[in-house]
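Student: I'd like to ask you about the structure that follows.
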Amino acid sequence: MVMPVKVGIPRTLLYYYYYPMWRVFLSELGAAVMLTAPSTKRVLDQGLKYAIDEICLPIKLTFGHVLELSGKVDYIFLPRLVSVANREYVCPKFMGLPDMVRHRLAGLPPLIDVAVNLRRSGMDIYPAVWAVGRFFSASRIHILKAYRRSVKIWERYSRLLERGLLPEDAMAVIEDRLEKVPLFLENKVCVALIGHPYNIYDSHISMNLIQRLRQMRVTVVTAENLSEKIINRNAARLPKRMYWTLGRRMIGAAFHYLAQNSIDGMIHVAAFGCGPDSMTGELIERQARHCGVPFLNLVLDEHTGEAGVATRLEAFLDMVRWRRDKGVAEGGSQ
Amino acid sequence: MKGYLGIDVGSVSTNIVFLDEDFVIRETVYLRTQGRPIEAVQGGLKEIAGRLPPGLTVRGVGTTGSGRHLAGVMVGADTVKNEITTHAMASSQLVPGVQTILEIGGQDSKMIILRNGVVSDFAMNTVCAAGTGSFLDQQAARLNIPIEEFGDIALNAEAPVRIAGRCAVFAESDMIHKQQMGCSLPDILAGLCEALVRNYLNNVGKGKEILPPAVFQGGVAANSGMRKAFEKALGLPVQVPPYYNVMGAVGAALLAGEAVYRAGPSRFKGFAVAEARFAAGSFECTGCANQCEVVQVTEEGVVIARWGDRCGKWSSAVNEQKKIG
């Protein structure tokens, strides 16, 4: 019997968008997929030790996750994501990630760092699919079948998100390991959480933000709960096209929730040192103020104290509830 | 007499207030925490109990400040609230119609914006404590002037000097430079106040709409030089309310009144806690790679609370009523 090729995937960055797809594609091709465990202090400490100083927190964390895979797998899946949408770019740090990792970390298993660049056309996904597939199979048909199946799963994942599930729950549904279905209680406070998926859904980086909010009887909605169509329509309200995919998603989602009047407050989470966040955050904050929706900006880095985050969060929810109880319907600052 | 206790355990000061049943402030105690929050709370309780008439009934207790959880389990609080909510609560009661709260304490500074009597926005300083009370304390000590006189000396300035306020370390070297150039002490102190105000407004006040009436509270509000610098920078009258340095405790007491109204009789353990033996310590949990630092509080050798663990296995192991507020 042939041992399957082991492929490691770090649980960071665009894992939250694409993992269901990557997992199915790789396993259909016969690979054994190994995902790193959720982030812990040790993983982050490792990352801080080896990553370059000037980089943002999520990239530092990625270094930690890559190190967790070292010595345990045959390949590390770390695609070079240049662009995932027409006329748009992903963060430049993602483009350089495989190089950063390769040059800072010695003795790693080979990286599958195939470039994905869909800036000109969505059809450009195929060269990337072949390039990844060739690591495992010589048959184009086999690769194409695996890809089609992975797209199907990804579409199902997107539908689950649009139904209000958050990524971890949606993935659990797909992998058939959901233990408890999150119930949506009516009449709870609803807060839109806007931020990069790899910041808000990583419970270590975000200091358990989503769980904390849920414990405080808050319904959390995010950009992932909206369809691309809604996001694009709202992002188009900017006077100039937003060409960062991640920024466009945050702006579009924030503008949608603010216009809908269905939320009681908005929390923007930014990673310290993230250039795009500093701009999109400001655009979102201005819009929130304009709409008179309570707004909290949380900036996270490796020095962020948990107490400070808890205090701000508590005060923010007090404010939201206080305003709701008094039935203050404000339009802008009066 | 019946009434409500409010306890604010901050990094620099511990304040305790007592409000009677009509929510009138009857007694206030302002103590230095001096890095020993347990002793400060006990000392404060002893002092306020001594000053109040005998036969006192405490109908509710609220705690706030960075030591609120610790104080909360010590005294058996009915509500444990963050300092932003308590400050807003107190000011909106004591200064009706207030729209802007400028608050500078020992280690933190915050700005709270109220509209129609409700908080509409707030901000708090992040990791950097430049421009807070501790820095003013330190500079006063370096110049060998009592902190109480700092403000009045600054008011005598003729031409405040320009000092870089972005960072306390730079501010200090700037001050030394100005001092060696021969600038007068009042001008330097006034310049420092202006620098701190500038830093506060640019940092904490970024993007906030500051409208009158504006109040200035927290320990630093005792410094008249700072108040003047605020008025100059904002172009607005800035008032310092009568209980400016215990506002957090007042807010906590008000919220305690609300909490017992909703949830029934108080959990206050009585003034005897001032005599009890409390101890707090911490250990690193080795259960997983998160290596949480777990804090444990004991009363007479019995564990009454634990916190700091991400998974909750230590904090939920305490079978006492653990979560308050």
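The values are calculated or read from the model by the stated rules, or taken from the named source; none is laboratory data. Fair warning: this is a prediction, and the values are worked out from it, not measured in the lab. Note that each Cβ is placed from the backbone with ideal geometry, even for glycine, and that neighbours are counted across all protein chains shown. The protein model used for the area step is the full one, side chains on, heavy atoms only, and it has no ligands, DNA or RNA in it. Shrake-Rupley method; radii C 1.70, N 1.55, O 1.52, S 1.80 Å.
Student: Report the one residue of B:Cys193, A:Gly8, B:Gln180 whose Cα lies farthest in the direction of the positive end of the charge dipole of the protein assembly as shown (charges on C-beta: Lys and Arg +1, Asp and Glu -1; origin at the Cα centre).
Tutor: A:Gly8
Student: As an exercise, identify the chymotrypsin sites (Phe, Trp or Tyr not before Pro) in segment B:1-30 lying in DSSP coil whose Cβ has no more than 15 other Cβ atoms within 10 Å.
Tutor: Here the chymotrypsin sites (Phe, Trp or Tyr not before Pro) that fit, given the DSSP loop and packing criteria, are B:Phe23.
Student: So what's the gap between the Cα centers of segment A:253-277 and segment A:38-91, to the nearest angstrom?
Tutor: One Cα centre to the other: 24 Å.
Student: Compare B:Gln99, B:Gln239, B:Gln180 in a GNM of chain B, Cα atoms joined below 10 Å, and give the one with the largest fluctuation.
Tutor: Largest GNM mean-square fluctuation: B:Gln180.
Student: Have a look at the protein assembly as shown and give its Rg and Dmax from the Cα atoms, expressed in angstrom.
Tutor: Cα radius of gyration and Dmax of the protein assembly as shown are 27.6, 90 Å respectively.
Student: Report, as an integer, the average count of C-beta atoms from other chains found within 10 Å of each Cβ along A:318-326.
Tutor: Other-chain Cβ atoms within 10 Å of each residue's Cβ, averaged: 5.
Student: Just tell me how shielded A:306-317 is by partners: mean number of partner chain Cβ atoms within 10 Å of each residue's Cβ, no decimals.
Tutor: Mean shielding count: 5.
Student: Right, something else. Using all Cα-Cα distances in segment B:150-228, what percent lands in each 5 angstrom bin from 0 up to the longest?
Tutor: 3, 16, 22, 25, 19, 10, 4, 1
Student: Starting at the first residue of segment A:189-199, write each ³J(HN,Hα) from the Karplus equation 6.51 cos²θ - 1.76 cosθ + 1.60 with θ = phi - 60°, in whole Hz, x for Gly and Pro.
Tutor: My calculation for segment A:189-199 gives 6, 10, 10, 8, 9, 10, x, 5, x, 6, 9 Hz in order.
Student: If you don't mind, there's one more thing I want to ask. To the nearest whole number, what is the average tally of beta carbon atoms from other chains within 10 Å of the beta carbons of peptide B:65-72?
Tutor: Counting other chains' Cβ atoms within 10 Å and averaging over B:65-72 gives 1.
Student: To continue, here is another question. Residues with amide H under 5 Å of A:Val5's amide H, sequence separation 5 or more or different chain, H placed in the peptide plane at 1.01 Å from N; which?
Tutor: Long-range HN contacts for A:Val5: A:Ala32.
Student: Further question on the same structure: Once each part is reduced to its C-alpha centroid, what is the distance from segment B:279-318 to segment A:207-240 in angstrom?
Tutor: What the calculation gives is 34 Å, centre to centre.
Student: Here is a follow-up. Enumerate the amide H contacts of B:Phe23 below 5 Å, restricted to partners 5 or more residues apart or on another chain; note that Pro and chain-start residues carry no placed amide H.
Tutor: HN-HN under 5 Å from B:Phe23: empty list.
Student: Further question on the same structure: Around A:Phe272, under 12 Å between beta carbons, what's the net of Lys plus Arg minus Asp minus Glu among the other residues?
Tutor: Overall, the nearby charge balance is -3.
Student: Starting at the first residue of segment A:209-220, write each ³J(HN,Hα) from the Karplus equation 6.51 cos²θ - 1.76 cosθ + 1.60 with θ = phi - 60°, in whole Hz, x for Gly and Pro.
Tutor: 3J(HN,Hα) across segment A:209-220, in whole Hz: 3, 5, 5, 4, 5, 5, 5, 8, 6, 10, 8, 9.
Student: Moving on. Tilt of helix A:92-104 relative to the longest C-alpha principal axis of chain A, in degrees (0 to 90, nearest 10)?
Tutor: On a 0 to 90 degree scale, this one is about 50.
Student: With all distinct Cα pairs included, what does the Kirkwood hydrodynamic radius of chain A come out to in Å, to one decimal, could you say?
Tutor: 20.9
Student: Over the alpha-carbon set of segment B:97-240, work out the extent along each principal axis and list the three values in angstrom, largest first.
Tutor: The principal-axis extents, from largest down, are 49, 30, 23 Å.
Student: If you don't mind, another one. Note the angle between two axes, namely the Cα long axis of helix A:57-69 and the longest principal axis of the Cα atoms of chain A, as a number of degrees from 0 to 90, rounded to the nearest 10.
Tutor: Around 30 degrees separate the two axes.
Student: What dipole magnitude, in Debye to the nearest 20, does the protein assembly as shown give about its Cα centre under +1 on Lys/Arg Cβ and -1 on Asp/Glu Cβ?
Tutor: In debye, rounded to 20, the protein assembly as shown gives about 2480.
Student: Then there is this: Along the positive direction of the dipole of segment A:106-194 (beta-carbon charges: Lys, Arg +1; Asp, Glu -1; about the Cα centre), which of A:Leu166, A:Leu118, A:Leu193 reaches farthest?
Tutor: A:Leu118
Student: Still on this structure, please answer the following. Which value, in debye to the nearest 20, describes the size of the charge dipole of segment A:184-325 about its Cα centre when Lys and Arg Cβ atoms bear +1, Asp and Glu Cβ atoms bear -1, and nothing else is charged?
Tutor: The calculation lands at about 620 debye.
Student: Would you calculate a helix-derived [θ] at 222 nm for the protein assembly as shown, using -39,500 (n - 2.57) for each DSSP H run of n ≥ 4 and dividing by the full residue count, to the nearest 500?
Tutor: The helix-only estimate for the protein assembly as shown comes to -13000 deg cm²/dmol at 222 nm.
Student: Still on this structure: Report ³J(HN,Hα) in whole Hz for each residue of segment A:145-161, in order, from the Karplus equation J = 6.51 cos²θ - 1.76 cosθ + 1.60 where θ = phi - 60°; Gly and Pro get x.
Tutor: 4, 4, 5, 4, 5, 5, 5, 4, 4, 5, 5, 5, 4, 4, 5, 5, 4
Student: Note down the magnitude of the dipole of chain B about its Cα centre, charges +1 on Lys and Arg C-beta and -1 on Asp and Glu C-beta and zero elsewhere, to the nearest 20 debye.
Tutor: Roughly 600 debye, rounded to the nearest 20.
Student: Take the alpha carbon gyration tensor of segment B:67-130, find the square roots of its eigenvalues, order them as a ≥ b ≥ c, and report rounded if a/c is under 1.5; if not, report prolate when a/b exceeds b/c, else oblate.
Tutor: Since a/c reaches 1.5 but b/c is at least a/b, the shape of segment B:67-130 is classed as oblate.
Student: Would you mind telling me the antiparallel percentage of the DSSP bridges in the protein assembly as shown, rounded to 5?
Tutor: 45
Student: Picking from B:Ala263, B:Ala214, B:Ala233, which is most flexible by a Gaussian network model of chain B using Cα springs under 10 Å?
Tutor: Maximum among the listed residues: B:Ala263.
Student: Next up: Charges on Cβ only, +1 for Lys and Arg, -1 for Asp and Glu, centred on the Cα centroid of the protein assembly as shown; of B:Gly131, B:Gly225, B:Phe278, which one is farthest towards the dipole's positive end?
Tutor: Result: B:Gly131, furthest along the dipole toward the positive end.
Student: Roughly speaking, what is the centre-to-centre gap between segment B:209-256 and segment B:28-82 when only Cα atoms are used, to the nearest Å?
Tutor: For segment B:209-256 versus segment B:28-82, the Cα centre distance is 23 Å.
Student: What is the interface area between chains A and B, defined as buried accessible area summed over both chains with a 1.4 Å probe, reported in Å² to the nearest 100?
Tutor: That pair of chains buries around 2500 Å² in total.
Student: For chain A, take the longest principal axis of its alpha carbons; what is the angle in degrees between that and the long axis of helix A:245-260, to the nearest 10 within 0 to 90?
Tutor: Rounded to the nearest ten degrees, it is 30.
Student: For segment A:184-325, what size does the Cα cloud have along each of its three principal axes, sorted from largest down, in whole Å?
Tutor: On the principal axes, segment A:184-325 reaches 38, 35, 25 Å in Cα extent.
Student: OK, next. Sort A:137-147, A:4-14, B:6-16 for me by packing, meaning the mean count of neighbouring Cβ atoms within 10 Å per residue, highest on top.
Tutor: In decreasing order of mean packing, A:137-147, A:4-14, B:6-16 become B:6-16, A:4-14, A:137-147.
Student: What is the distance, in nm, between label points placed 7 Å from the Cα along the Cα-to-Cβ direction at A:Glu168 and at A:Gln215?
Tutor: Computed distance between label sites A:Glu168 and A:Gln215 equals 1.3 nm.
Student: Can you give me the long-range amide H partners of A:Ile112? Hydrogens built in the peptide plane at 1.01 Å from N, cutoff under 5 Å, separation of 5 or more residues or another chain.
Tutor: A:Ile76, A:Phe77, A:Leu78
Student: Using only the Cα atoms of segment A:6-162, construct the convex hull and provide its projected area averaged over every direction, in square nanometres to one decimal.
Tutor: With the hull built on Cα positions only, its mean projection is 9.3 nm².
Student: Of B:Val161, B:Val302, B:Val246, which is the most mobile in a GNM of chain B whose springs link Cα atoms less than 10 angstrom apart?
Tutor: Among B:Val161, B:Val302, B:Val246, the largest GNM mean-square fluctuation belongs to B:Val302.
Student: Going highest first, how would you order B:78-90, A:54-66, B:283-295 by mean Cβ packing within 10 Å?
Tutor: Going from most to least packed, we get B:78-90, A:54-66, B:283-295.
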